[in-house]
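Peer 1: Mind having a look at this structure? Questions to follow.
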Amino acid sequence: MTDENVKTATANSGDRRRINALSEIDLPRYVLLPGDPDRVDLMAGQWDEARVIDLPRGYRAASGTYKGARIGAVSTMVGAPSLDSIFADLAQLGVDTFIRVGTCGTLKEDIATGSLIINDASVRLDGTSHFYVRNEFPAAASFEVTFSLVDAAVANGVAYRVGTGCTSGSFFAGQGRPAYNGYVSLEGERILEEMKRAGILNFEMETAALLTLSRLYGFRAGSVCSVVANRITGVWGESGGVARACQVAADAVKRLTEWDRKARQAGHANITSPDF
């Protein structure tokens, strides 16, 4: 490849430093996607063994093993645009199964902080996915990944709820929160009430983009978030849910690894193949 071709490839694909660094830790096909880089360290501490590295622009990654299964984790930072950037790198490296492990605010009065929400779909207000496909295209999770998360949550005795979330491109106005100096937009007031009426479980900032991109590219993806805020009661608290979400996600990878192995032995691509 000529120098000019190298420049063009780099300009079109982004910062190669991150891909080069990720290549060195040999990520498996199963990768957890926390937003917070510090959560990568928490995850690695739950695994049997792990190697953690820092990446350019504040991202962090890890690879290792958990209960005999190979597992990886890469932070996505805040919001869909940041996830969009790192997701492209991971796709190039052969990752095809993604689990977002995040935090969220619930719109249900009876969901306590510290419990988990597993989103099987998400409203696409993320501000990124509409560049890829028309807005009517669904942000839907993989059945296999969703079921692995539910099964892992049950096995761990963790309180959880499954349903549709809403991914917003804004922490304040886009989720109906008052911003600086108490400013509340008319759109913020409307969207909060609309999502409540629609039975939406939670607000967060990355899931819809992950699910949309994964579905477009033929990958598998799911999402589990710890509730840190109840938007109805006003209660705020981490309550140990972040560690539980990381544990459930790791156990989900263990399950997917085993299910995929059995499917291959049976001559199927995955557990949802006919006659599996």
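Peer 1: Give a quick list of trypsin sites (Lys or Arg not before Pro) in the stretch 77-173 that DSSP marks as loop, anything other than H, G, I, E or B, with at most 10 other Cβ atoms within 10 Å. Let's see the in-between values first.
Peer 2: Numbers: sites: ARG100, LYS108, ARG124, ARG134, ARG161; in loops: LYS108, ARG134.
For trypsin sites (Lys or Arg not before Pro) across the stretch 77-173 that sit outside H, G, I, E and B with at most 10 neighbouring Cβ atoms in 10 Å, the list reads ARG134.
Peer 1: Could you put LEU90, LEU192 in order, starting from the residue whose Cβ has the fewest other Cβ atoms within 10 Å? Could you put the intermediate results ahead of the total?
Peer 2: Numbers: LEU90 23, LEU192 20.
Fewest-to-most Cβ neighbours within 10 Å comes out as LEU192, LEU90.
Peer 1: When only DSSP loop residues count, what chymotrypsin sites (Phe, Trp or Tyr not before Pro) in the stretch 151-187 have their Cβ near at most 15 other Cβ atoms within 10 Å?
Peer 2: Counting only loop positions with at most 15 other Cβ atoms within 10 Å, the chymotrypsin sites (Phe, Trp or Tyr not before Pro) in the stretch 151-187 are PHE171, PHE172, TYR183.
Peer 1: Antiparallel DSSP bridges in the stretch 3-265: what percent, to the nearest 5?
Peer 2: 45
Peer 1: Tell me, which cysteines of the chain are without a disulfide-compatible partner by the Cβ under 4.7 Å rule?
Peer 2: Isolated Cys, the chain: CYS166, CYS246.
Peer 1: Please list 3J(HN,Hα) in residue order for the stretch 59-70, calculated via the Karplus relation 6.51 cos²θ - 1.76 cosθ + 1.60 where θ = phi - 60°; whole Hz, with x for glycine and proline.
Peer 2: Running phi through 6.51 cos²θ - 1.76 cosθ + 1.60 with θ = phi - 60° gives 6, 9, 9, 8, 9, x, 10, 9, 6, x, 9, 6 Hz.
Peer 1: What does the highest-first list of 116-123, 75-82, 234-241 look like by mean Cβ count within 10 Å?
Peer 2: 116-123, 75-82, 234-241
Peer 1: If you look for lysine pairs in the stretch 3-265 that are eight or more places apart or on different chains, how many of them have Cα atoms under 23 Å apart?
Peer 2: Step by step, the pairs that qualify in the stretch 3-265 add up to 4.
Peer 1: Mean residue ellipticity at 222 nm from the helices of the chain, using -39,500 (n - 2.57) per DSSP H segment of n ≥ 4 over the full residue count, to the nearest 500 deg cm²/dmol?
Peer 2: Per the formula, -12000 deg cm²/dmol.
Any read-out appearing in this document is the output of simple, stated calculations on the displayed coordinates, not a laboratory observation. Predicted, not measured: the structure shown is a model, and the values here were computed from it. No Cβ is skipped: glycine too gets one built from the backbone with ideal geometry, and neighbour counts run over all protein chains shown.
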